[in-house]
1. Could you list, in sequence order, the residues of the stretch 100-123 that are in a helix (DSSP H, G or I) and either within 12 Å of the ligand (Cβ to nearest atom) or buried (at least 17 other Cβ atoms within 10 Å of the Cβ) (or both)?
2. Just to be sure I understand, how many residues within the stretch 243-259 are assigned to a loop (DSSP other than H, G, I, E, B) and within 14 Å of residue 140 (Cα to Cα)?
3. Check every one of the helices (runs of 4 or more DSSP H) wholly within the stretch 124-237 and list those with 3 or more residues that are without any contact (Cβ under 8 Å) to a residue 40 or more places away in the chain.
4. Using the structure shown, decide if residue 28 is touching a strand residue (DSSP E or B) at 6+ places or on another chain (Cβ under 6 Å), closer than 23 Å to residue 231 by Cβ and without any contact (Cβ under 8 Å) to a residue 40 or more places away in the chain.
5. So residue 71 fits all but one of (1) outside any helix (DSSP H, G or I); (2) surrounded by fewer than 22 Cβ atoms within 10 Å (Cβ to Cβ); what number is the exception?
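Each value in this text was obtained by applying a stated rule to the coordinates, not by laboratory testing. Here the structure is a predicted model, which means the values were calculated and not measured. Cβ coordinates were reconstructed from backbone atoms using ideal geometry, including for glycine residues, and neighbour counts include every protein chain displayed.
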Ligand SMILES: NC(=O)c1ccc[n+]([C@@H]2O[C@H](COP(=O)([O-])OP(=O)(O)OC[C@H]3O[C@@H](n4cnc5c(N)ncnc54)[C@H](OP(=O)(O)O)[C@@H]3O)[C@@H](O)[C@H]2O)c1
């Protein structure tokens, strides 16, 4: 299937490893002109080189911290100047810190809000006017299966991510007439560094932690970042022209709820 996004400019944040990187690879393989960012300069530059080599695509790296408003502004102007006006945005912002409710003070709640909600709001604010003017846009974000069922000891994610789904649903309604589509992708258990970092929090070895979660998934295994990236590439594409306001769960059937 030709996804019809050759030459489209895609901006993906949190993309030096894990889910963001897999999504950048999938979009570059489809011929999109890709801009990626993460906080670590060396790792994001290495990721851009690797993705360009593996896909033959154009990939430009930016070092930026999405929890800092100045960095978001700098990223947006850097991408506009070096790559072009953004057609596809994947807001994927590293995720809020772990920790049960007792461990979270006001500062932790504010930091969680900044890195999840405000980074997404600022990125959308930066790209939306151009998308509306050109009457084509795909705005995507990576949330979590926590928007359907809370994850143990991840209160920040459980509380804040449903707000992002609400924001996307709201913008899907108001921006639809301009052909700017808003959709969320919600991973279940995807084998990445962040997933494995939960082992320490749970006081378990990485192997035992992965095994514990594997058994909760009907498919009997954890997901691969590439499996989520294929969904993102489709939603970012011309072919997904009538999908708007959706939250697509990619969890191997883990969440049992009907909605
Ligand atoms: N993996 C799962 O099973 C799972 C499940 C549900 C939800 N999620 C969510 O999916 C998203 C991606 O997770 P992942 O598993 O791919 O994580 P990961 O493997 O840890 O990768 C996170 C990426 O984001 C970058 N990053 C982190 N904080 C950032 C910030 N403030 N500004 C810019 N870039 C930042 C990291 O690079 P630097 O450290 O260099 O910045 C890295 O490139 C997260 O929001 C996570 O909570 C994941």
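1. 111, 112, 113, 114, 115, 116, 117, 118, 119, 120, 122, 123 - these are the residues of the stretch 100-123 that are in a helix (DSSP H, G or I) and either within 12 Å of the ligand (Cβ to nearest atom) or buried (at least 17 other Cβ atoms within 10 Å of the Cβ) (or both).
2. Filtering the stretch 243-259 down to residues assigned to a loop (DSSP other than H, G, I, E, B) leaves 243-246, 251-259.
Then keep just the ones that are within 14 Å of residue 140 (Cα to Cα); that gives 243-246.
Adding up the residues that qualify gives 4.
3. Details: elements: 155-175, 193-202, 206-214, 225-235.
In the stretch 124-237, the matching helices (runs of 4 or more DSSP H) lie at 155-175, 193-202, 206-214.
4. On the way: touching a strand residue (DSSP E or B) at 6+ places or on another chain (Cβ under 6 Å): yes; closer than 23 Å to residue 231 by Cβ: yes; without any contact (Cβ under 8 Å) to a residue 40 or more places away in the chain: yes.
Against the criterion (touching a strand residue (DSSP E or B) at 6+ places or on another chain (Cβ under 6 Å), closer than 23 Å to residue 231 by Cβ and without any contact (Cβ under 8 Å) to a residue 40 or more places away in the chain), residue 28 qualifies.
5. (1)
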